[in-house]
Amino acid sequence: MEKRIQPIEKRKELINRFKKQKALNDKNKKQIFENLNNFQLSIHPDAIEWYESTRVVPLLMSNEKKSVVFSINDANWGNTTIPYPETIYLDANPIIDIALDRENSDLVKSFLTSVTQQDGVIFWSSHTKQEVTRVLHASEYSKYADLNGITKRGNTPSWKMAENKMTSYQSSQLNKSVLQKRDELFSLLENLGLEVTANDYNDTVVHRSAETLYSTYGGSIEDAKHVAIANSIGVNDILSHDKGFLNYPNLNIYGNSYAITRKFLMNAKPNDFIDINSFTLIKKEAK
């Protein structure tokens, strides 16, 4: 079996790395939070509709300890029995909330600000970044389609039709705009936490664990990979409005969608971290 980086030790290393790189004083914290609160991108609604249509809900498994959910509604966090997480991993959709300034945006910004003020550290992965890039890509191409009278054809959305019709030069110019907007968004988040890359975990272990989670619990391979990456750095707290995470075992899911808030109990206690990657690898080896 591949040599594994121990998740708890990796989490400690990442926390220390962030605190050394971004030693925040009260003055620049205020500016960081102000920049975060004022940030907004224009994303085409077709891109959001397409992204949300790709989300798949895992199958319910009754033989595992279920994940616990926490509503990030500000009213719930006056209750001191609910601790802010020391570390939290970001799915793509709360980042898209920030970019769009849509319904949950203020709650996401407030929650992330509070986590940081409690000396918590926020993590996301290159996988998260890729998902956000896909949404921004679809958005920019949808806008191009609108401007140039390009419409959907059958099940092919207008942004994909535009992608197929554009010249290489036109496409490359639009892609530069996508990357510029993405980098602007993530530069704000870099003041609050770190991007986790393949240098921080064993990519082979994450890949195999994601496939086992995917085949065991259903859902999308993208969500399974998020869980595997977070687990590899010792984190089982995930910020997402996506109910697809609810049936993976031993997670703490923070969010504000209906699927989250209707299951939230004020007296709920967070699950302790368990290295589910090690269990999934054992299951895969046993097959």
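Table: residues versus (1) of a type in the set (Ser, Thr, Tyr); (2) over 24 Å from residue 266 (Cβ atoms); (3) in contact with a His (Cβ under 8 Å, 6 or more places away or on another chain).
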| site | (1), (2), (3) |
| --- | --- |
| 107 | no, no, no |
| 110 | yes, no, no |
| 115 | no, no, no |
| 146 | no, yes, yes |
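(1) crowded, with 21+ Cβ neighbours inside 10 Å; (2) closer than 29 Å to residue 159 by Cβ; (3) touching a strand residue (DSSP E or B) at 6+ places or on another chain (Cβ under 9 Å); (4) hydrophobic (A, V, I, L, M, F, W, C): which one isn't true of residue 246, the others all being true?
All conditions pass for residue 246, except number (2).
Could you check, for segment 125-139, whether at least one of its residues is touching a strand residue (DSSP E or B) at 6+ places or on another chain (Cβ under 8 Å) and closer than 22 Å to residue 266 by Cα?
For segment 125-139, residues touching a strand residue (DSSP E or B) at 6+ places or on another chain (Cβ under 8 Å) and closer than 22 Å to residue 266 by Cα: absent.
Could you identify the single residue in 194, 179 that is surrounded by fewer than 19 Cβ atoms within 10 Å (Cβ to Cβ) and either at pLDDT 95 or above or not in a helix (DSSP H, G or I) (or both)?
Step by step, each of 194, 179 is checked, and only 179 is surrounded by fewer than 19 Cβ atoms within 10 Å (Cβ to Cβ) and either at pLDDT 95 or above or not in a helix (DSSP H, G or I) (or both).
Which residue out of 46, 97 is within 16 Å of the chain's Cα centre (by Cα), among the charged types (D, E, K, R), closer than 20 Å to residue 182 by Cα and at pLDDT 65 or above?
Exactly one residue qualifies, and that residue is 97.
Do you know which of the residues in segment 272-287 that are assigned to a loop (DSSP other than H, G, I, E, B) and surrounded by 17 or more Cβ atoms within 10 Å (Cβ to Cβ) is modelled with the highest pLDDT?
273
Go through 247, 267 for me and flag whichever is among the polar types (S, T, N, Q), closer than 19 Å to residue 72 by Cβ and assigned to a loop (DSSP other than H, G, I, E, B).
Sole residue among the options that is among the polar types (S, T, N, Q), closer than 19 Å to residue 72 by Cβ and assigned to a loop (DSSP other than H, G, I, E, B): 267.
Restricting to segment 86-130, give me the number of residues that are polar (S, T, N, Q), part of a helix (DSSP H, G or I) and buried (at least 18 other Cβ atoms within 10 Å of the Cβ).
Summing the residues that are polar (S, T, N, Q), part of a helix (DSSP H, G or I) and buried (at least 18 other Cβ atoms within 10 Å of the Cβ) in segment 86-130 gives 4.
Among (1) in contact with a Ser or Thr (Cβ under 9 Å, 6 or more places away or on another chain); (2) modelled with pLDDT of 95 or more, where does residue 151 come up short?
Every listed condition holds for residue 151 apart from (2).
Yes or no: residue 214 among the hydroxyl-bearing types (Ser, Thr, Tyr), crowded, with 19+ Cβ neighbours inside 10 Å and free of Cβ contacts under 8 Å to residues at least 60 places away in the same chain?
yes
The values are calculated or read from the model by the stated rules, or taken from the named source; none is laboratory data. A quick note: this is a predicted structure, and the numbers were derived from the prediction, not measured. Cβ: placed from backbone, ideal geometry, glycine included. Neighbour counts: every protein chain shown.
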